[in-house]
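The values are calculated or read from the model by the stated rules, or taken from the named source; none is laboratory data. Just so it is clear, the structure is predicted and the values come from calculations on it, not from any experiment. Please note: Cβ atoms are built from the backbone with ideal geometry, for glycine as well, and neighbour counts cover all protein chains shown. Ligands, DNA and RNA are excluded from the accessible area calculation, which covers all protein heavy atoms including side chains. Shrake-Rupley method; radii C 1.70, N 1.55, O 1.52, S 1.80 Å.
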Amino acid sequence: MIKNFINKPIGHYPLIVIVALFMVTFFNFSFFKNTLNVYEFSGLNIVYIFSLYIVLSFFIIFLLSLFASRYTTKPLLISLLVISSFCAYFMDTYNVVIDDSMIQNALQTDFNESLDLLSFSLIFYFLFLALLPSWIIYKLPIKYRPLRQELLEKLIYVLGALLLIVIILFSLSKFYTSFFREHKPLRYYTNPTYWIYGIGKYTALMSQSVPKDMIKIGEDATIREKVDTDTLKKPELVILVVGEATRADRFSLNGYERETNPLLAQENVISFPNFFSCGTSTAHSVPCMFAMYDRKSYSDYKARTTENVLDVLDRVGVNILWRDNNSDSKGVALRVAYEDYRTPANNTICDEECRDEGMLIGLDSYINKHQGENVLIVLHQMGNHGPAYYKRYPKEFEKFTPVCQTNQLEKCSMEEIGNAYDNSVLYTDTFLEKTITLLKNYEETYGTTMIYMSDHGESLGENGLYLHGMPYFMAPDEQKRVASVLWLGESNQKNLQYEKIKAKKDLLFSHDNLFHSLLSVFEVETDVYDKSQDIFYDTK
């Protein structure tokens with residue numbers, strides 16, 4: 001049957017209509033599912049929802065017809081089917097949105113992280129929604145007409161599709177006015193139109209010319225000399241742990257009913273329960289954390305063209321080391337010492353994957369090498385990176401059971417997903433306690449500080465959402481409210497006035513505070529420092 005079908009010549013515009021209807025039918029489950037969550041499938045709503053199917057189909061026909069030609073039709077259709085099949089899988093499985101931020105995150109994901117997303121369901125989507133129809137299109141003989149007839153047919157399909165869209169929009173104007181104004185997020189689920197828009201937006205951003213030289217900030221920076229009783233203030237030793245996908249509400253320090261922080265609870269730490277991220281993805285949040293810009297004024301372009309807080313600290317002589325057990329620093333550590341700990345060549349604690357605690361091995365040598373000098377060490381965790389939460393901790397940390405033992409979260413209950421996630425939080429608790437123990441060894445010679453701050457949160461099935469990366473304005477708090485913890489050694493408890501910091505722990509803080517608080521810890525004076533964003537201000 002298929003053989004007979006693919007032997008029959010077909011015009012490329014009728015083929016476009018078939019592919020468009022196929023894509024709307026099989027690639028837009030998430031769009032129609034989320035639409036039906038808003039509009040009950042009854043009465044006039046049936047007409048409205050069917051009209052959405054028609055409008056989306058004709059819009060895809062309009063776009064494809066616009067770029068169709070003898071040389072582009074087959075490559076265009078095959079490319080769309082392949083990419084859209086992957087998008088459909090992730091939208092259907094995790095209820096995510098494929099926008100420019102998600103595209104950026106995907107392009108910056110390394111091979112090992114990609115393997116975590118591989119599943120039989122993904123292969124099924126690829127085989128039946130991409131490979132099979134692509135093979136049919138490849139084999140189909142397309143009949144082309146003389147140029148003048150081709151152009152006339154193109155005009156008919158382009159204008160015809162556009163005209164039908166306009167007629168439907170005006171005929172149901174009351175519905176579509178409400179749909180576009182009140183339910184804007186729904187259109188983010190359309191496939192392939194929204195990811196095409198996202199690629200266009202991301203490409204435009206990346207094509208912006210980048211100055212040859214970075215825009216320098218804090219060139220006036222100096223370290224304030226401060227006398228502590230009869231001796232000079234100790235140099236600072238700060239370990240900043242950049243967490244991964246850790247929610248504030250999953251820390252027992254913040255009132256979570258499960259004991260996920262048994263070791264940190266025994267330390268004199270301050271946990272900030274109302275701490276919010278700059279973004280909902282690593283690619284956005286990590287550079288934003290270290291930028292001088294606040295969340296509203298931050299952009300990827302600014303991050304790529306402007307120095308960050310590490311540059312300012314480096315300029316005043318702070319020794320900086322970045323160790324990474326995640327994908328990379330997202331451009332933050334390009335101008336400071338950087339070490340990759342996702343490989344057994346550097347990380348001595350690896351089983352099925354390299355563990356975060358391996359980043360602590362050998363830090364004594366680095367600290368002793370810079371004895372008597374200010375030191376900042378950044379440790380970028382693998383943390384709670386999903387969807388394979390069960391891989392994020394050694395098996396001895398599997399306290400909460402049963403756990404989801406697959407990256408196909410749709411096959412697990414919320415309890416199983418939550419158990420696996422909480423076990424990974426439990427392992428982070430141990431990692432942070434070991435970090436504090438290391439710092440305690442240097443309290444006599446350094447002012448010691450540990451700052452833990454996750455890059456973003458994580459959805460674990462609430463309201464059908466999984467993972468992270470939703471557009472910030474529509475992302476739930478589970479993806480934005482992040483775990484953040486502060487530990488101070490004895491001398492810094494006095495210098496930074498621990499009790500005053502603890503008294504304001506329940507206030508609203510965010511990634512905006514990190515830039516200025518790091519400058520504050522190292523006593524850096526500069527015009528780019530903003531005391532209103534300094535967590536430690538009014539405590540000294």
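Remarks
- Gyration tensor (alpha-carbon) shape descriptor, the range 1-113, a/c threshold 1.5: oblate
- Secondary-structure-derived ellipticity at 222 nm for the chain, considering helices only, amounts to -13500 deg cm²/dmol, per-run term -39500 (n - 2.57) for DSSP H runs with n ≥ 4.
- Of the GluC sites (Glu not before Pro) in the range 411-465, the ones in a loop by DSSP (not H, G, I, E or B) with at most 13 other beta carbons within 10 Å are GLU444.
- The phi-based Karplus calculation (6.51 cos²θ - 1.76 cosθ + 1.60; θ = phi - 60°) puts the 3J(HN,Hα) values of the range 518-528 at 5, 4, 5, 4, 8, 6, 8, 9, 6, 5, 7 Hz, whole numbers, x for Gly and Pro.
- Amide H to amide H distances under 5 Å link ASP455 with GLY243, GLU244, ALA245, THR246, where only residues 5 or more positions off or on other chains count and H is placed in the peptide plane.
- With all protein chains kept in place, the per residue accessible area of the range 228-358 amounts to 36 square angstrom at a probe of 1.4 angstrom.
- Cβ-defined net charge surrounding PHE180, 12 Å radius [Lys, Arg +1; Asp, Glu -1]: +3
- Sequence-distant residues sharing a close amide H with GLY447 (under 5 Å, placed H): GLU236, LEU237
- Amide H contacts of THR306 (H built 1.01 Å from N, under 5 Å, at least 5 apart or other chain): ILE215
- A simple count of charges around TYR446, restricted to other residues whose Cβ falls under 12 Å of its Cβ and scoring Lys, Arg +1 and Asp, Glu -1, yields -2.
- In percent, rounded to a whole number, the relative contact order of the range 199-335 is 28, using alpha-carbon pairs under 8 Å and six or more apart.
- Here the Karplus curve 6.51 cos²θ - 1.76 cosθ + 1.60, taken at θ = phi - 60°, turns the phi angles of the range 97-103 into couplings of 10, 9, 10, 5, 5, 5, 5 Hz, with x standing for Gly and Pro.
- When the listed pairs LYS391/LYS480; LYS234/LYS500; LYS302/LYS494; LYS201/LYS480 are checked against a 28 Å cut-off, the alpha-carbon distance exceeds it for LYS302/LYS494.
- Separation of alpha-carbon centers, the range 133-201 and the range 317-385, rounded to whole Å: 49
- Applying the Karplus relation 6.51 cos²θ - 1.76 cosθ + 1.60 with θ = phi - 60° to the range 67-81 yields 3J(HN,Hα) values of 10, 6, 6, 4, 9, 10, 4, 5, x, 5, 5, 5, 4, 4, 5 Hz, where x marks Gly and Pro.
- Cα shape, the range 259-384, gyration tensor, a/c 1.5 rule: rounded
- Loop-located trypsin sites (Lys or Arg not before Pro) in the range 139-235 (DSSP state other than H, G, I, E, B) with a sparse environment of at most 13 neighbouring Cβ atoms within 10 Å: LYS143, LYS212, LYS216, ARG224, LYS226.
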